[in-house]
Structure formats: structure tokens, C-alpha cells
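What follows draws every value from the coordinates through simple rules; no lab data is involved. A quick note: this is a predicted structure, and the numbers were derived from the prediction, not measured. Cβ atoms come from the backbone with ideal geometry, glycine included; neighbour counts cover every protein chain shown.
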Amino acid sequence: MPVRRGRPLDGRSDLRAGRSNGHGALLRWDEAHRDLAEVARYPQRMSESEFYAAAYPRMLLSRKLEERILELFQKGYIKGTVTMSAGNEATAVGMTMPLRPGRDVVSLLHRDFAGHLVLGATPHQLLCQYIANADSPTHGREGNAHHGDAAARRLPMISHLGKMPSLVVGGVWAARQAGEDALGLVVIGDGGSSTGEIHESLNLASVRPSPVLFLVQNNHYSFSTPTRLQYHCRRLSDRAQGYGISGRTIDGLDAWLVYSTVCDALDEMQRTGLPMLLECMTLRLYGHAAYDKGDYVPADQMRQWRELDPLPAARQKLLDRCEMSEASVVAVEKMIEEEVRATVAKAMAVGRPDPLHHPMSAFAESAPTEVKPYRTPRVKNGEAVVRALDYLLENDPRAFLLGLDVGTYGSAFKTCRGLIDRYGPERVVDMPICESATIGFALGASQTGGRPIVEFQFADFSTEAVTQLGLNAGSWFFRAGRPAPMLIRLPCGGGLTMGAFHSGEFEGLWSRFSGLKLLYPATTQETFEALVAGFYDPNPCLVLEHKLLYWSKGGEIDFDGNLESVWRPRRYTEGEEVTLVAFGAMVHECLAVAARSPRSIEVWNPFVLQPMDLGPILESVCKTGRLVVVQECGATQGLGDHVIATVCREALDALRCRPQLIAAPDWPAPFAPELELYGRPNGQRIEAVVDKMVREG
């Protein structure tokens, strides 16, 4: 039931104002206080008296509960660490009170404990998260402050500051593309505002208009570093001009000012579609965390801060604006004390998490799926990419393509040719140069119903997004319990004399992160299948596309629509003497050797590099007794050693001789054609190793 402007809160809200009975307005605690949906949400606004009637109890609940959390930490019942929100409650409550849980996309920080309460988290959930017990919302998988509710669009943070804003931008953008009236709030500290991805995200939200409020909580210190060493501008909100958006700095200790300013900002963003930058000058009454005494803060400054504590100020506003008696306020405070006591007692009685009760997996389960079949006569590998992207965009309205020059230009290798003409600029999206924010944007979009396809111009440029892709997206399902469907395309490999920054593969790098799936096709059929299967999988899927094969190899596409059958190693030839395992373009070098060699050679491509199924390859090695692995990247940079180690561990008795790895030297790809040709494995080297192995083994 919505609350109209200037009217009392609905009776089912967690706090409700009664009429004066001679003792002032009565506040009564509702047993159903965990349901916050009845608080007036945007576009409705509360009056100042209504606001403080709702805000002060939440601020107090946050303070008291965190004080007990710190006590439990000091007694050893809570591990990790504890970051206290004391001093920041006015900003945390004021900024979140207007937001609509489940519609607006939000990313909070570690000093926004009260904001989590406002947006729907219960005291029991938050305390269990800190204790990491069986009732923890993340089942004990995540740290104390790294929690949220991704299903309700309250995204769980990561410690790498500056990485969460792009998720909110992508989530809001995708929701609005789907017709939703969604807005966004992303919180960053004064220190975190120095990170590069803050610039990427602000710029991206401005270029691809997304109504996201970037709220900087400026508490004067980033851990122990004062703000004078963090930035040189007068106000952080002055930076808004550089992005062509509005910016403002306000007193973050005034909860009503924060609330009304955020409401005004939501109005403006709704009208313009653009982001805004709001700096709230706040403070913290503890050190950075429980282990930090904060003795770098001058004593006189800390005394002044304690005098500015926003909690007593909010209490006084409750007496003044709501015309409540001291006795009524004390009664509310006693109710909150009882709530905290009961919450602690209940949470402490909960048992420890059981990995058998909540099995842990880095991957969301993929249900077998049948999709529309696709067939076409012989095409090149590059054309297979175009056909696959066209197939996905045509058959799934949630699909959209992101990348550098993927629009009118058709991408650097023309693998997106003509798609913008067919699907328009809102589904084939040219991005600024911001690889990390692009992945964050895609991850956020995946949480609000979008199905992003991201093209890196070169696989080498994916290293710009290691944190976002490897740590944030890769761990998302494990941490948040929500799938993160994203298809990431990586044009890779050498042979085109492009030098060190344009010739890498990096399958070894990306395979080191849990939660990412990795496919490396070598044929036209495999290229089409990898892109389609990767798109429909509920996990972040990276597809390596060897650039040399775009034009040099081709074949027909005969896809029956069975996605389950795609996820398997590929065998191209049968043999009795040697098992050859190769990746990418090296598959074709091995096939050429098998075609002309007198030896009986079985050629395999693992195809799915993570999670890699080597079962069929082990069976092949047990038959041939010999294993040669060929990779284009350096010996220590790829997955060849993993294949060999697995075979030695699982089938050592079947080997007639030591396995061999053929790889490039451990150096970056050289530029001159003669130097690149010297380093890359070729058919002659492969054939020589095979012949020697058969003769000697």
C-alpha cells in the first residue's frame, strides 16, 4: 500500500506513528518489522516527521547491533574483522530510504550496515553473516561485509574498491532496456573514488545514459590516509563537470538533508536519464576496522566528531519534529535493545555451516537445453562467428553485444559485420575504451535479465579486466548464489605478425580462476557451437577465437540444437601409436602431420578447457601409450602441463615413454615474421617429436 506525500506511514510498516494521547505521538514496534515494503518509496516522499519516525529507530538498531558484533568479535565468536558504521548512519539511512528493493539496483559498502536494514536485510541475517553460521545468507562462503541479496538487486560488494559501480550501471541499463523503471545507487568512499574504474563507470553511465546516483561517502580518511593525499580538487563532486553531469556536496550527518537530496536526485535522473554525483561529508567514530585504533586521527578532531555524532541529533529531531515525549522515545529504544538481545541469542544458538547440507560449487548447474537447429554450407571461421552472433541476437531478445568498434565498423576482424543494421545500436553497442568497466557492466546486466555478449578487441586486452572477470564474475555464483550468464569473446593467437600486445592466447591465465568456463574451438562447427553453448550457459563463458583461423579455415555448420552434446573433447582422427593433444590453431598443424605421417596418430582437442574433461583423452593414451601436447603459447603459460600432469597421475602405467610438450619459448610474441615463425610450433617440430617417440618408445 503506497504512502502518499504528507500522510502517516501505513500501519504495517516496522514503525508506526500513533496519534498523540496526551503523552506525545506514540511509536509502536510492529512484530512484522522485517517487511520494509510499506515504507514510503520513490516517487512518494515522507514528511520530515515521518522520515525521522522511520529513520531514528533504524539508525539506533544499526548502532546497537554493530556494537554487539564488535563485542562478539573481541570475544572470538566472530572471525575475520569488523568495520563499524558508527558516524555514517545518517548517510546510510537517508540514501537508501527512498529506494525500491527488487527494482532499483544498489551496491553498498562496508559502512552501510543501516542501509542493508533499510533495504530488507533482517538483523538475524546480518548477524549470522558476521558469525558465518548455518543461517548465514551466504552459507558462510563470504566475508563479514561482503554480503547482499543479488536476487533483490542489492549486489554483494568485493574488496577491490571501485569495481562495483560498473555493475550497477549495467544492471540499471539492462533493466531499463527491458522496459523497467529502474534507478541505481552506488556507494564509494573518498579513497575508492581515486580508482580508475570509478572514472570508467562515471564516463560509461554518461555515454550510455544510465540514471545511477554515484554517492561518495567522504569520512576524511581512506583507512589511515587523509583525503589531502587522495585528491587535490576542492570537492569530489566538482568532478561531475568532466562527465557532463550534475554534482553536489552536502552534509552527510543530516539524515533528512541526505534523504531529501537523494529524492531530488532521483527526480532529476528520472527526467534526464543521466547519472549524478553526490558527495556526503560524513565521519567515522572508530578506526578503519576492529584491529585499527585510529590513533592517526588527532584527538581534538575525534572529540569534535563525537560531538557531531548523527545518532543523538536524529533522536533530538524525533523529539522536536515528531512531538514525541522522552518517555515514548525511551520506550522505542528499549524495544530496540530487546530486539538486539533476542537477535544475538537466536544467532548464537545456530549451528555451524555444513558443506554437505549446502554443497559448494563454483558453477551454476546447466540444465540440458534444446535450441533451434542451424545449418549452412561451407563458411570460414570468421563468418561462423558472424552467423553465431546473428543466431543469438535473433533468437533471444535479451541478447546484446558489447565491445570496441562492434557497431558500424563491424569489429576489428569484421566478426560483427552488419549486425548493427539488423538489430540497432541498443543491441549492438559500441563501448568506450573501458575493458574492466565493460565486464562489470555485463555482470550487472546479467543480474537484471540481460544476456550480454562481450567482445574484447584482442584477447590481450582482457588482462585489463582480471579483477572484474576473474574474481568478481568468476566467484559470483559461489558468493551470491545467482547465475551470471555472460559470453566473452577473445580473438587470440599469433601467426599474423602483430607483436606482443596482440598475439596472446591467455587460456592459462583464465583457467586459474574458478567459476569461469573456457572453450577453445578449432573448426567452423566448433566455433558456432562454442558461442551458442557459451551464451546459453548460466556461467561466465570465455570463447577463444584464434585470429589466424578466421580466414584460413572453413567448413559447414550442422548444429542440431542439442547444447548438452557440445561440452565434450573433440577427436579428429583415430590412431594406435600416438595421442596428439592440441589447442587452437595447433589442432590444424597436428592434423596436417597426421595426414602425411606414416605413424598411426590420434588427434584430440580438449575443446572445453575449463572444466576440462580428460576422460576420453586418457582412454586414448591408454590405447597408444604415448602423449604429445602442442600449444602455441609458452611452455609455462598454457594448459599443456596440466594435461600431461593429469595423464601421469591417472594413467602412468599405460605410458611407454615420457610425455612431450611442444610449445613456444617463454617470451612474448615477437613482431618480425622471421622471429615469430621461429618461436611458434609447426608441423616439422611435431613430426620430429612423434617419430622420435615411436622409435625410442
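Quick notes on this one:
- Take every pair of alpha-carbon atoms less than 8 Å apart whose residues are at least six positions apart; their mean separation over the length of region 519-581 yields a relative contact order of 37 percent.
- Of the beta bridges in the chain, as assigned by DSSP with both residues counted there, near 25 percent are antiparallel.
- Gln316/Cys233 FRET efficiency (R0 35 Å; Cβ-Cβ; nearest 0.05): 0.55
- Normalised by residue count, region 576-617 yields a Cα convex hull volume of 51 Å³ per residue.
- Rg ratio (alpha-carbon, reference 2.2 N^0.38 Å) - region 542-611: 1.21
- Length gained when the stretch Asp295-Glu556 is fully extended (0.36 nm per residue, less Cα-Cα span): 87.0 nm
- Folded to 0 to 90 degrees: helix 255-272 orientation relative to the chain principal axis, Cα: 50 degrees
- Two-site FRET efficiency, Asp251 against Val350, from Cβ-Cβ distance with R₀ of 45 Å, rounded to 0.05: 0.65
- Extreme residue, positive dipole direction of the chain, given options Cys322, Gly638, Cys648 (C-beta unit charges): Cys322
- Across region 374-566, counting alpha-carbon atoms alone, Rg and Dmax equal 15.3, 44 Å.
- Relative protection proxy for 115-121, 566-572, 66-72, from highest mean packing down: 115-121, 66-72, 566-572 (other beta-carbon atoms within 10 angstrom).
- Hydrodynamic radius of region 285-355 per Kirkwood, over alpha carbon pairs, in Å: 15.8 Å
- Anchor Lys163: lysines whose Cα lies under 29 Å away (excluding residues fewer than 8 positions away in-chain): Lys79, Lys293, Lys517
- Kirkwood-Stokes translational diffusion coefficient of region 15-348, alpha-carbon pairs, 20 °C, 1.002 mPa s, µm²/s: 106 µm²/s
- Region 632-677-region 342-388 distance, computed between alpha-carbon centres (Å): 31 Å
- Considering only alpha-carbon pairs that sit under 8 angstrom and 6 or more positions apart, the relative contact order computed for the chain is 11 percent.
- Around Val172: net Lys/Arg minus Asp/Glu count, Cβ-Cβ under 13 Å: +2
- Placed amide H near His288: partners under 5 Å, 5+ positions off or other chain: Gly294
- With the alpha-carbon atoms of region 386-480 aligned to their principal axes, the span from lowest to highest coordinate is 38, 27, 20 Å, starting with the largest.
- Length-normalised contact order for region 108-237 - Cα pairs under 8 Å, 6+ apart - percent: 19 percent
- Crossing angle, helix 310-321 versus the chain [Cα axis fit, 0-90 degrees, rounded to tens]: 50 degrees
- Taking 7 Å steps out from each Cα toward its Cβ at Lys75 and His220 produces label points 3.3 nm apart.
- The distance linking region 524-549 with region 164-196 is 28 Å (Cα centroid to Cα centroid, whole angstrom).
- Residue order, fewest to most surrounding Cβ atoms within 10 angstrom, among Leu215, Leu318, Leu311: Leu311, Leu318, Leu215
- Residues within the reach of a label modelled at Thr636 (point 7 angstrom out along Cα to beta-carbon, backbone nitrogen below 19 Å), restricted to region 501-518, are 504-513.
- The C-alpha atoms of the chain define a longest principal axis, and helix 196-207 lies at about 80 degrees to it.
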